[in-house]
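Student: Provided herewith is a single structure, encoded as structure tokens, for subsequent inquiry.
The values are calculated or read from the model by the stated rules, or taken from the named source; none is laboratory data. Not measured: the values here are computed from a predicted model. Cβ atoms come from the backbone with ideal geometry, glycine included; neighbour counts cover every protein chain shown. We work out accessible area using only protein heavy atoms, side chains counted, and drop any ligands, DNA or RNA first. Shrake-Rupley method; radii C 1.70, N 1.55, O 1.52, S 1.80 Å.
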Amino acid sequence: MMTAGSLVRLSYALGLLLAPDAMSKLRLAPATPNNAYATMTTRAFGAVHTNVSLLSLRAGVANRDVPLALSLNIGCDLGDLIATFLEWRRDGLPGAAAVGSLAVQSAGIATWSMALRRL
């Protein structure tokens, strides 16, 4: 489960890092064309999640530091969930995007927490 979740996070993160405009066109990232700040922020978000997913893959394959990697995933998803809520509250994020984002992050938190409890 950890490997599958990490591969999903890695594929999304690499898209954000390497092709933010394409991810934006697919509505998987904020609009970035002609907005260097938005592009930089999207790439940075992708870089962070790339690192988290690679660390998690290493932990799962080597069976080392698994609780730490799972806790890091929970923390990242919780941080993303809080950021989504704050942006929605400031009217910077449409309601549908906020609901979708909250659902994905909540599912991530539940999945990683269940894996951590099973250790």
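Student: Which trypsin sites (Lys or Arg not before Pro) from the range 29-119 combine a DSSP loop assignment with at most 10 other Cβ atoms within 10 Å? Walk me through the intermediate numbers first.
Tutor: On the way: sites: Arg43, Arg58, Arg64, Arg89, Arg90, Arg117, Arg118; in loops: Arg64, Arg90.
Counting only loop positions with at most 10 other Cβ atoms within 10 Å, the trypsin sites (Lys or Arg not before Pro) in the range 29-119 are Arg64, Arg90.
Student: If you don't mind, there's one more thing I want to ask. What residue among Thr50, Ala115, Ser71 has its Cα farthest toward the positive end of the dipole of the chain, where the charges are +1 on Lys, Arg and -1 on Asp, Glu, each on the Cβ?
Tutor: Ala115
Student: Just need log10 I(q)/I(0) for the range 53-119 at q = 0.25, 0.28 Å⁻¹, Debye formula, equal scatterers on the alpha-carbon atoms, no solvent, rounded to two decimals.
Tutor: -0.97, -1.11
Student: Which angle from 0 to 90°, rounded to the nearest 10, does the C-alpha axis of helix 2-18 make with the longest principal axis of the chain?
Tutor: 30
Student: What accessible area per residue comes out for the chain, rounded to a whole number of Å², with a 1.4 Å probe? List each step's numbers first, then the result.
Tutor: Numbers: 7360 Å² over 119 residues.
The answer is 62 Å² per residue.
Student: On a 0 to 90° scale, report how tilted helix 36-62 is relative to the longest principal axis of the chain, with both axes built from alpha carbons and the result rounded to the nearest 10.
Tutor: Between the helix axis and the principal axis of the chain, the angle is about 10 degrees.
Student: Oh, and also: To one decimal place, what Kirkwood hydrodynamic radius in Å is obtained for the range 13-58 from all pairs of distinct Cα atoms? Could you put the intermediate results ahead of the total?
Tutor: Details: mean 1/r = 0.0957 Å⁻¹.
Here the Kirkwood hydrodynamic radius works out to 10.4 Å.
Student: For the range 1-118, what D do you get in µm² per second when you plug the Kirkwood radius from alpha-carbon pairs into Stokes-Einstein at 10 °C and 1.306 mPa s? Before the final figure, lay out the partial values.
Tutor: Numbers: Rh = 14.7 Å.
The estimated diffusion coefficient comes to 108 µm²/s.
Student: Could you work out what % of the accessible surface of the chain is carbon and sulfur, using a 1.4 angstrom probe and leaving DNA, RNA and ligands out of the count? Please report the intermediate quantities before stating the final value.
Tutor: Working: 4900 of 7360 Å².
Carbon plus sulfur share of accessible area: 67 percent.
Student: Which whole-number percentage describes the relative contact order of the range 33-108, with Cα contacts under 8 Å and a sequence gap of 6 or more?
Tutor: Averaging sequence separation for qualifying contacts and normalising by length gives 22 percent for the range 33-108.
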